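Any read-out appearing in this document is the output of simple, stated calculations on the displayed coordinates, not a laboratory observation. Note that the coordinates shown come from a computational prediction; the quantities given were computed from them, not determined experimentally. In this analysis, Cβ positions are derived from the backbone assuming ideal geometry, glycine residues included, and neighbour counts consider all displayed protein chains.
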Protein chains: 2
Amino acid sequence: MKNCIEKAKKLNIAIATVKNSNHYGIAGYYAMMALKEDMIGISLTNSQPLVAPTYGKSAVIGTNPISFAAPSGRQYPFVLDMATSVVPIGRIKVYDEKKEKIPAGWGIDDDGNVTEDPKKVKSGGPGALMPLGGTDIMRGYKGYGLGIMVEILCAVLSGGSHLTQVGFPHMPKICDVSHFFMAVNVNAFRPVIDFKKQIDEMITLLKESPKATGKDRIFIAGEKEFENVKYNEKHGVPVIKPVVEELISNGKRLGIPFELSPIK
Amino acid sequence: MKNCIEKAKKLNIAIATVKNSNHYGIAGYYAMMALKEDMIGISLTNSQPLVAPTYGKSAVIGTNPISFAAPSGRQYPFVLDMATSVVPIGRIKVYDEKKEKIPAGWGIDDDGNVTEDPKKVKSGGPGALMPLGGTDIMRGYKGYGLGIMVEILCAVLSGGSHLTQVGFPHMPKICDVSHFFMAVNVNAFRPVIDFKKQIDEMITLLKESPKATGKDRIFIAGEKEFENVKYNEKHGVPVIKPVVEELISNGKRLGIPFELSPIK
């Protein structure tokens, strides 16, 4: 993404692809790198197969996220960072641990039927996540199409591994995922100050539009996360107990002591 | 898009934006123009407001389609062409005419509640279409985010009108929509022949993956449409009766005779 931004400074638009990579963390991290250069940033990656195509029953597509970041003026930047499945696999695990049913439309069992049992939508086993939209009638094939678009821009454009070639079969060596990065220099299209002003106006229009009964606020992509960052910078980053326990246990194994430090 | 493709021949990547435009027809038409030049084509447009943001109740966003086309070898090209709402407004009208309920999750009434009554999801009136995904629990905010991404790339990057500024208020002058076109020269990344071979392999892998119970085929984005073209080129383009009647009535008004010609 750094390369991409540097090239876009000279050439206005740049794309970089990466192959034979591992999990790259948060897709939005890379897209957001473009913001401080007054650029639009895009970051995509394929991932290990967890999603079934529409009318399929096996996990052959990754949750292939799309991240898109656009600079703003007084408002928070617009930062979309979304899996192209309805939910990521971690969400299914949370429901399984809570011993709760998952909503119909998140996942399918090993016959390809929609299931409310989180255990039937297991990572690596039979069953799979559903693409954004869910069922056919709710246009899940659009989410499936977006997932394949990401697969093409990441894996096929770079010549990396695709679909079921990615992930677990290669572990513990590498996941063999591919990424796509893009930077667009706003100033090549119009003065950045005008672009930012219009982003602010658009966000204001959205936020001031009429609310559904029982709702008092309309959110913009990335807004909740920016508010969390602000809160956490003051109050510390909350970590759930199982993660703390895992950190302590890994620390013991590696001889690294665990210390609780007060927030500075 | 022609400009875009010509520029991409020299520069490998090109983006063109358009503002103060009218309905541009089929988004996929422009994306597909890139295919014969062995390029990836992208075409986006904003449109008159018909979709409510998540937690909103008014139509403030267009159905803002995304089209993405990638060249293939022996398989049909991959051509995604999708509204970022669950369904377009025309689909609601079809259910209204058939006096049938719409599936829960396609549209909301004027309180912002999901409704199954197509009359409550009217174009220009209260009520609105829902973004891809539908409800909050089914991650409709992702479709909402994609719709705004399209709005930014079309309206904000070009300096055109956005959201509720688009469409009906300006009629019958111009709709004031904005478009985004992009062409990516595959050969700049890897030999086109290798790219096409991998697209074919990926499509084969998808099509040969296990089918859900009761399904015998997995489709690829654009495949049904390519098959329709093939069929229609032989058998003629089917036109529904109300359209024929409208053509006859408009013909009479304008003094243009209506003739039924046999298929050549």
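So the values come out like this:
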read-out: Sorted by Cβ density within 10 Å, fewest first, the residues A:L205, B:L157; value: A:L205, B:L157
read-out: For region A:1-138, the fraction of alpha-carbon pairs in successive 10 Å shells from zero, as %; value: 12, 34, 26, 19, 8, 0
read-out: Antiparallel bridge percentage (DSSP; both residues within the protein assembly as shown; nearest 5); value: 95
read-out: Per residue convex hull volume, Cα atoms of chain A, in Å³; value: 183
read-out: Label 7 Å beyond Cα on the Cβ vector: A:E246 copy-to-copy distances, nm; value: 5.6
read-out: Partner chain coverage, peptide B:184-190 - average Cβ within 10 angstrom; value: 3
read-out: Cα shape, region A:95-235, gyration tensor, a/c 1.5 rule; value: oblate
read-out: Prolate/oblate/rounded call for region A:5-86, Cα gyration tensor, a/c under 1.5 rounded; value: prolate
read-out: Peptide B:67-80, shielding by other chains (average Cβ, 10 Å cutoff); value: 2
read-out: Cross-link reach list, aspartates and glutamates versus A:K120, counting only Cα pairs under 17 Å and skipping chain neighbours closer than eight places; value: A:D96, A:E97, A:E100, A:D109, A:D110, A:D111
read-out: Selection from B:H179, B:L205, A:G133 lying farthest towards where the dipole of the protein assembly as shown points positive, charges on Cβ; value: B:H179
read-out: Cα-based convex hull volume of region B:92-132 per residue, rounded to whole Å³; value: 59
read-out: At 7 Å out from Cα toward Cβ: A:K7 inter-copy label distances (nm, ascending); value: 1.7
read-out: Two-decimal Rg to Rh for the protein assembly as shown - Kirkwood Rh, Cα set; value: 0.97
read-out: Vicinal HN-Hα couplings computed from phi for region A:102-107 (Karplus, 6.51 cos²θ - 1.76 cosθ + 1.60; Hz; Gly/Pro x); value: 8, x, 5, x, 8, x
read-out: Cα centroid of region A:218-261 to Cα centroid of region B:1-48, whole Å; value: 44
read-out: Chain A: most fluctuating residue of A:I220, A:I66, A:I42 per GNM, C-alpha cutoff 10 Å; value: A:I220
read-out: Using θ = phi - 60° and Karplus 6.51 cos²θ - 1.76 cosθ + 1.60, couplings along region B:197-212 (whole Hz; Gly, Pro as x); value: 4, 5, 4, 4, 4, 5, 4, 4, 4, 5, 5, 8, 6, x, 8, 5
read-out: Per DSSP, loop GluC sites (Glu not before Pro) in region B:4-110 with at most 13 further Cβ within 10 Å; value: B:E100
read-out: MRE, 222 nm, helices only [DSSP H, n ≥ 4, -39500 (n - 2.57), over chain A, to nearest 500]; value: -9500 deg cm²/dmol
read-out: Base-10 log of normalised Debye intensity for region B:162-232 (one unit scatterer per alpha-carbon) at q = 0.19 Å⁻¹; value: -0.91
read-out: For the B-to-A rotation axis, chain B residue with nearest beta carbon and its distance in angstrom; value: B:I13, 3
read-out: At R0 = 56 Å, FRET efficiency that the Cβ-Cβ distance of A:K252 and B:D111 yields, to 0.05; value: 0.50
read-out: Amide proton proximity set for B:T135, modelled H, under 5 Å, gap of 5+; value: B:G140
read-out: Copies compared at A:I193 - label distances in nm, ascending, label defined 7 Å from Cα in the Cβ direction; value: 5.4
read-out: Over chain A, relative contact order from alpha-carbon pairs under 8 Å, at least 6 apart, %; value: 24
read-out: Listed residues B:L254, B:L206, B:L50, most fluctuating in chain B (Gaussian network, C-alpha, under 10 Å); value: B:L254
read-out: Amide H contacts under 5 Å for B:G107, placed H, 5+ residues apart; value: B:T115, B:M130
